[in-house]
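Colleague: Here it is, the structure, as structure tokens.
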Amino acid sequence: MTRYFEVLRRDGPGRLGRLRALGEISTPTILGKGEYLQNKSAFDGAEGDDAEGIRVLPYVPSSKILQPSMKISIPGVEAGPSAFVTSPYQRPAVSADIYILEGAGTIQRGRDLVRAILAIREMIAPDSALYAPALATPANLALLVYLGVDLVDSIKMEIDGYYGRYHSRDGIHTIAEMAELPCRCPSCQILQEGGEEEAGPLIARHNRMKLAEEIARVREMIREEMLREYIERQVRVSPEYTAALRILDQEHRYLERRTPTLRRSILYANTAESLSRVEVTRFAERVIERFRPTASDVLLLLPCSARKPYSRSRSHRHFAEALGPRRRHMHELILTSPLALVPRELEEVYPAASYDVPVTGHWDREERAWLLGCLDRYLDKNRYSRIVAHLDGELAKIVEEHGIDAVFTGGGKDADGLARLSNAAEEATRDARRTPNPRLESFRGRADFFFGAGAGDLLLCEAARVKGHEVQSQDGKAIVAETANGTLALSIEGARMLLPLGCYQVTIGDFLPRGSILAPGVLSADEMIRPGDEVIVRGERALGVGRAKMSGWEMAESRRGVAVELRRVEAI
Amino acid sequence: MTVGKARTPKDPRRPVAVWRSKELLDGDVAGALTIILRTRGCRWRRCTMCGFAAEGMIVSADDLIYQFRSATKGLSERVVKIYTSGSFLDEKEVPSFVRDLMLRELSAAGVERVVIESRPEYVLGATMDSVASAGPGIEVGIGLETSNDIIREHVIGKGFAFVDFQEASRIVHASGSRVKAYLLLKPPLLSEGGAILDAINSAREARPFADVLSLNLCNIQRGTPLERMWERGEYRPPWLWSAVEVLLNAPTPIICDPVGAGARRGPHNCGECDALFAQAIRRHALEQDPSVFDGLECSCRPLWEKVIELEEHSFGTPLV
């Protein structure tokens, strides 16, 4: 029955949405106090039915400690958006457009905040809005939104003003103890001048303004698809928030189900938490579990480059030149932080093509453990008769000390280093297999990476050939193409070939879609689908291909919103 | 009951507490002696905010008489309040012969009013007849807390209804005794403003059945569910401003002893003005004159007003 709220864009669990109430409200947003919500608890004994805007359904106040057992009847709402007061301790009794987290403002610890919001989010429809009253501050707002909160208010800003608590993005300060106010808003100017005016309302106004600035910033971060990067630095203002992010990162399933497979932004791996990002773990997992490298006897380990994709960097161009024709006899694997392993075939895939990390030459313990763990798993699955490691500095030492049986060239990008690489490659590839068609093999590996193991063989089973950026069948029909953002795009023909795999499919009803597929039109969808994934749309009357705009589970559970942007569709 | 009191070992021969104070008696201020007898304690013991039952222990009739006599030695007060951490009229707490003996001794000592407390289920016709004949002007305090059955039942967990209180009141009055109704400011799960309204409303509805109202400002007692809520930031004791607001808008006579005022666990304002407010509330209890609150000002008033305004929208979060 969710009809008044729609999610428009996602960046991890954070979303931009639209709430149809008193006109149209863009979320995440700060609800005005009492502006939209009519609040009558069962203890007031009143029936406020004169509500304009959002109607709060009757509720019994409760807390974890004290849960009144009284039963009340909740009338159905005929028109207009409704809100239901709920808690993490019980499943909401009715379906509503908005859920209000009761006692949200009392949550003190980061751990409890994460638990409460995740628990509620898992119980309510994905296309319902979550309101956390009396909780938001400029310091925690981005975290709240990242956790999955859509609506907040400025109650804390207002009351804290009267308590003399001065808010900024850095946290709370006691105004009486501040020598200088780090803000140039009109209220702060009056406060700084120290006139007769009552301080409470002035600080409240400043606080509200800071919260309003922050919500705009957060919305912009979602649009720029930089919310995660923003969160990683914003939580630094307090150990409690940093703990919250780390605890959230442990809730891998919650995050993974909500994290897109493609972002337009550059992934900044600036913090310890960057290592546990879904994009990072997902990439490594797919490299090891799904991806099948081009068959080769010799593995070449290379360092990463600042420029992405690596092939465009000066160092990797030099490596290629030094390898010359021996290159066709080796499989190249780039070692990097935080992605650990990037096979050459995947260097244009997100996030391999667009990440940045502070380079110091030093690898800390977590980075080492992550890299070596991934490398062990990779070598366990993919066997090579010889390994050449053209690595230098600490990285070479780490790999060597780990006991990887390889020829260590000492690395280097200068003439000497390149010569050593050339010699080692020459030596190692003597009587090694030569890859017959590296570009086709690269497509095979990427198809497995994107659609699951076996996809490459299904797509390339016939005598397929690469032409430009696409793979064509023998009779010249396009099967699959690589796109500018590093993904693969299927043709209808390609989709048909992939059907037996049963993955990345969205099943729709008996209609011929055009443009985009809305969530209500989806009958079922593969749970694995994430926003940004290439998907196959199949119905009784149509076969199509397009890009997922929401996760598969969301398509199945939502009543509103675009599920898939179709690129091609064919009537069948 | 003092707030945050250190625990002393329980002794069956010593009352929980004994103190002397001033009390309103038929329009006069009179000396009062309060005795809290150590009994087995309240047998209901499931109210959200009440930790009194923890004070109970098994005591003999002999112990009770000993406690009583040691506390009333040299008695000169006109008013005696004789309480237990439960119901004085519960014969499992205070056997009827002990009860009547105490009341007769107080009468013999010239005490003009004896105040006792009981849950309504122990207020029976026969009990009241025997109590009224044994002692002088008896006043029975009943913890009604609120006239709102929903709040009393589901939030406080009191286990009786407004009609039970009305019936007890009828029985007490029929025996020629007086009724005092205790009202609670503020039960948990209510906003500050909601609690004020509830208390004022309760005072108006209870007044026809009570000779005097007594407003209890909620404090945080140890080992109670309320204490756990308070620790979780889900409860704040009432503001003293709120107490004044209720006293100004409730029918008289209404008395109030701001126990624990100014303490974190007790009713409090900003910390600056708590002592003055407590003083004014105590004066009001004796004089019943609303003008004692005139000129009571503090810079925290706008804050309290803001709390009341905003807690209507905070969905269960006390704004502290």
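Colleague: Which condition from (1) among the acidic types (D, E); (2) open to solvent by 40 Å² or more (accessible area, probe 1.4 Å); (3) over 30 Å from A:K71 (Cα atoms) is the one that B:D100 breaks?
Modeller: Among (1) among the acidic types (D, E); (2) open to solvent by 40 Å² or more (accessible area, probe 1.4 Å); (3) over 30 Å from A:K71 (Cα atoms), B:D100 violates only (2).
Colleague: Let me ask something else about it. Within the range A:248-264, does at least one residue satisfy the condition of being free of Cβ contacts under 8 Å to residues at least 24 places away in the same chain, buried (at least 18 other Cβ atoms within 10 Å of the Cβ), outside any helix (DSSP H, G or I) and not charged (D, E, K, R)?
Modeller: No: zero hits.
Colleague: Also: Which residue out of B:A32, B:A109, B:A61 is touching a strand residue (DSSP E or B) at 6+ places or on another chain (Cβ under 9 Å), at pLDDT 95 or above and not assigned by TED's automatic domain parsing to the domain that holds B:I255?
Modeller: B:A32
Colleague: Something else now. Any idea which of B:H284, B:H313, B:H268 is part of a helix (DSSP H, G or I) and either buried (at least 21 other Cβ atoms within 10 Å of the Cβ) or within 14 Å of chain A (Cβ to nearest Cβ) (or both)?
Modeller: Going through B:H284, B:H313, B:H268 in turn, the sole match is B:H284.
Colleague: In the set A:R3, A:R15, A:R20, which member is on the phi < 0 side of the Ramachandran plot, at pLDDT below 85, more than 10 Å from chain B (Cβ to nearest Cβ) and surrounded by 14 or more Cβ atoms within 10 Å (Cβ to Cβ)?
Modeller: A:R3
Colleague: Which one of these does B:E297 not meet: (1) in a loop (DSSP other than H, G, I, E, B); (2) out of contact with any helix residue (DSSP H, G or I) (no Cβ under 8 Å at 6 or more places or on another chain); (3) touching a residue at least 60 places away in the same chain (Cβ under 8 Å)?
Modeller: That leaves (3) as the condition not met.
Colleague: Give the range A:497-510 a look and list any residue that's modelled with pLDDT of 95 or more, open to solvent by 10 Å² or more (accessible area, probe 1.4 Å) and under 16 Å from A:L566 (Cβ atoms), or say none.
Modeller: A:Q505, A:T507
Results for (1) more than 15 Å from A:R169 (Cα to Cα); (2) at pLDDT below 95; (3) open to solvent by less than 50 Å² (accessible area, probe 1.4 Å), shown as yes or no for each residue.
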| site | (1), (2), (3) |
| --- | --- |
| A:E193 | yes, yes, no |
| A:E196 | yes, yes, no |
| A:I203 | no, no, yes |
| A:K210 | no, no, yes |
| A:E213 | no, no, no |
| A:E229 | yes, no, yes |
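Colleague: Then there's this: So, A:D112, is that one of a type outside the set (S, T, Y), at pLDDT 90 or above and open to solvent by 50 Å² or more (accessible area, probe 1.4 Å) or not?
Modeller: yes
Colleague: Right, here's the next one. So which strands (runs of 3 or more DSSP E) stay within the range B:1-94 end to end and still have 2 or more residues that are open to solvent by 30 Å² or more (accessible area, probe 1.4 Å)?
Modeller: Ranges flagged: B:17-25, B:28-37.
Colleague: Within the range A:319-346, how many residues turn out to be closer than 17 Å to A:A269 by Cα and not β-branched (V, I, T)?
Modeller: The total comes to 6.
Colleague: Any idea which of (1) open to solvent by 50 Å² or more (accessible area, probe 1.4 Å); (2) under 24 Å from B:C298 (Cα atoms); (3) not in a helix (DSSP H, G or I) is the one A:Y166 doesn't satisfy?
Modeller: A:Y166 satisfies every listed condition except (1).
Colleague: Same structure again: With the requirement that a residue be open to solvent by 70 Å² or more (accessible area, probe 1.4 Å) and either more than 13 Å from chain B (Cβ to nearest Cβ) or outside any loop (DSSP other than H, G, I, E, B) (or both), what does the range A:63-108 give you?
Modeller: Of everything in the range A:63-108, those that are open to solvent by 70 Å² or more (accessible area, probe 1.4 Å) and either more than 13 Å from chain B (Cβ to nearest Cβ) or outside any loop (DSSP other than H, G, I, E, B) (or both) turn out to be A:S73, A:E78, A:A79, A:Q90, A:R91, A:A93.
Colleague: Looking for whichever is within 14 Å of chain B (Cβ to nearest Cβ) and closer than 18 Å to B:M229 by Cα here; the options are A:L130, A:L151, A:L135, A:L57. Which one fits?
Modeller: The unique qualifying residue is A:L135.
Colleague: Of all residues in the range A:404-445, count the ones that are open to solvent by less than 50 Å² (accessible area, probe 1.4 Å) and under 15 Å from A:L301 (Cβ atoms).
Modeller: Of the residues in that region, 12 qualify.
Colleague: List the strands (runs of 3 or more DSSP E) that sit entirely inside the range A:286-366 and contain at least 1 residues that are under 28 Å from A:P436 (Cα atoms) and acidic (D, E).
Modeller: Where strands (runs of 3 or more DSSP E) fall fully within the range A:286-366 and carry at least 1 residues being under 28 Å from A:P436 (Cα atoms) and acidic (D, E), they are A:330-336.
The values are calculated or read from the model by the stated rules, or taken from the named source; none is laboratory data. Everything numeric in this text was worked out from a predicted model, so none of it was measured. Reconstructed Cβ throughout: ideal geometry from the backbone, glycine too, with neighbour counts over all protein chains shown. Heavy atoms of the whole protein, side chains included, go into the accessibility calculation; ligands, DNA and RNA do not. Shrake-Rupley method; radii C 1.70, N 1.55, O 1.52, S 1.80 Å.
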